[in-house]
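In what follows, a structure is listed as structure tokens, so that the remarks can point back to it.
The values are calculated or read from the model by the stated rules, or taken from the named source; none is laboratory data. The model shown is predicted, which means the values in this text are computed figures rather than measured ones. For neighbour counting, all protein chains shown are included, and Cβ atoms are generated from backbone atoms with ideal geometry for every residue, glycine included. Protein only, heavy atoms only, side chains kept; ligands, DNA and RNA dropped before computing areas. Shrake-Rupley method; radii C 1.70, N 1.55, O 1.52, S 1.80 Å.
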Amino acid sequence: MKKRFYGAMFICLLSAVFFMGCGSDVPEEPIDQEPAVSDTAVSAGADVQQEFPIFLGGATELKPSDLLIAAEAVVIKEDDTEVMFQVSCPYGNAAKLKVYYGSRKGQTESTIAYFETSKDESEGTLTAALPAGTWYFTIENGGSHNILVESATMDLQ
């Protein structure tokens with residue numbers, strides 16, 4: 001009786017290990033891909049409010065040093081265009097999230113800043129003046145604990 005029980009437990013354990021490891025470590029697409037520029041363009045003073053906010057990502061749990069990479073590039077036509085980033089985190093400290101921009105998807109070329117948070121640290125905002133260019137945005141968990149990013153957006157200021 002004990003041999004059957006332990007045999008069944010061993011098979012269940014092996015099955016669980018097998019199914020937990022299936023495909024979870026394989027990236028969906030290569031990071032070194034050329035930027036696929038969207039039609040989303042930001043120019044200072046232009047009336048393009050109907051295209052915003054831009055959804056950068058969400059419903060993602062970030063472990064320490066994990067990255068949340070925006071799916072599409074944004075074209076900024078004029079230097080010093082002010083944009084506002086917003087993030088909502090049901091658990092974890094939003095102030096530990098750092099925003100980068102880069103010319104390639106997944107590249108952390110230039111640091112913008114960390115989010116400023118409310119008292120409960122679950123909501124964060126960040127306003128920055130960005131240079132002209134075609135940019136991908138990346139959010140990194142710079143803290144030592146997991147953070148659940150419910151939503152992250154970018155909008156004109």
Top-ranked residue of region 55-69 - restricted to ones that are touching a Ser or Thr at 6+ places or on another chain (Cβ under 7 Å) and open to solvent by less than 30 Å² (accessible area, probe 1.4 Å), ranked as modelled with the lowest pLDDT: Gly58
Phe85 being open to solvent by 80 Å² or more (accessible area, probe 1.4 Å), among the hydrophobic types (A, V, I, L, M, F, W, C) and closer than 20 Å to Thr111 by Cα: no
Among the residues listed as Val75, Val149, the single one being under 14 Å from the mean Cα position of the chain (by Cα) and under 19 Å from Pro53 (Cβ atoms): Val149
Members of region 109-144 found to be closer than 15 Å to Leu68 by Cα and open to solvent by 60 Å² or more (accessible area, probe 1.4 Å), listed by number: Glu109, Thr111, Tyr114
